[in-house]
Amino acid sequence: MKQKYLSEVVYQIFALVIVVIVVHAIYVAVIRPNADIIAEQQSAMQAADESYVPERSVYIVMRDFEQETCIILFFWALSMVGMKTVRTMRERRLLDHELLQVPEGTSILPEDARHYARPVQSLPEKERRFLLPRAILAGLHRFGTTRNVQDVSATIRDVCDSEADRLESELAIVRYIAWAIPSIGFLGTVRGIGTALGQANQAVSGDILGVTMSLGVAFNSTFVALVTSIMLMFVLHQLSLIQDRLVLDSQTYCDDHLIRFLQVPGKTARQSDESAETV
């Protein structure tokens, strides 16, 4: 588990470095040069014709540092969401396999728990750390120890619940980024409005170009921040949905492929459950 945590930290750091380099290179080579050219053309046309209304350009909307920061954070969060999605889909593939290979009509006794655990233990180490193998092994170990079906069900449920809590906690940094992006857009709004107020004297004298450009910075940063935040929250919601389904489907898999086959000598599985509840 510690190795997995370190690998995720290394992945996040490298992902951030790569995103910063790529996004900044695109801004330096494409977005800002085109934005400057378009801004100069619009200024010249507006000076020649006072009734001219400049068109809204994507390059100008995206040109400022606040927008660049929002884009960097968005793609960084997207890389982490992608990593967790790939891992979740790999875990889901185990749900299509018969890990226990229990024939229909067969009963699993407490003495058989170790035997049925061997196919799961023979999985590659990486797959053994997935939720489904851990839940099955924990249930079989508890059944062989306590000889109680209800304890097996409670153990599997606890493993699934703890996994759900862990998956939720791992999304904390992505949720923080989803909160930080609109805040950065708001900072751009404050900067733009502050700059516009500082140029109020020029506007009074009739030169409103500087004020309009500053207000453009304010509104463009808010626009980009809100759009990227909405997109990130949608992707984050889809990841949470996939992870919740993994936990629920893993618990259902254990019910269908393990718990219903368990039997204590002299009792059916249902009688064992009822006696445990009575105690």
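The values are calculated or read from the model by the stated rules, or taken from the named source; none is laboratory data. Note that this is a predicted model, so its numbers are computed, not measured. Here the Cβ positions follow ideal geometry from the backbone for every residue, glycine too, while neighbour counts run over all protein chains shown.
Out of (1) closer than 25 Å to ASP151 by Cα; (2) at pLDDT below 90; (3) crowded, with 18+ Cβ neighbours inside 10 Å, what's the single condition that is false for GLU104?
Unmet for GLU104, out of (1) closer than 25 Å to ASP151 by Cα; (2) at pLDDT below 90; (3) crowded, with 18+ Cβ neighbours inside 10 Å: (3).
Quick one: ARG87 ticks every box in (1) part of a helix (DSSP H, G or I); (2) under 18 Å from THR252 (Cα atoms) bar one, so which box is it?
Unmet condition: (2).
Determine whether LEU94 is surrounded by 15 or more Cβ atoms within 10 Å (Cβ to Cβ), at pLDDT 85 or above, within 29 Å of the chain's Cα centre (by Cα) and over 30 Å from VAL120 (Cβ atoms).
Spelling it out, it is not the case that LEU94 is surrounded by 15 or more Cβ atoms within 10 Å (Cβ to Cβ), at pLDDT 85 or above, within 29 Å of the chain's Cα centre (by Cα) and over 30 Å from VAL120 (Cβ atoms).
Please work out which residue is farthest from LEU94 (Cα to Cα), limiting yourself to segment 106-155 and to residues that are part of a helix (DSSP H, G or I) and among the aromatic types (Phe, Trp, Tyr).
Only one residue fits best here, namely PHE143.
Just the residues that are crowded, with 21+ Cβ neighbours inside 10 Å and of a type in the set (A, V, I, L, M), please, taken from segment 121-173.
Once the filter is applied, which keeps residues that are crowded, with 21+ Cβ neighbours inside 10 Å and of a type in the set (A, V, I, L, M), segment 121-173 yields LEU131, LEU132, ALA135, ILE136, LEU140, VAL149, VAL152, ILE156, VAL159.
Is there a residue being of a type outside the set (S, T, N, Q) and either at pLDDT 90 or above or not in a helix (DSSP H, G or I) (or both) anywhere in segment 189-207?
yes
Considering ALA225, ALA269, which residue is at pLDDT below 95, in contact with a helix residue (DSSP H, G or I) (Cβ under 8 Å, 6 or more places away or on another chain) and closer than 28 Å to ALA178 by Cβ?
Unique residue meeting the criteria: ALA225.
State which residue is modelled with the highest pLDDT when the search covers only segment 31-50 and only residues that are out of contact with any helix residue (DSSP H, G or I) (no Cβ under 8 Å at 6 or more places or on another chain) and of a type in the set (A, V, I, L, M).
ILE37
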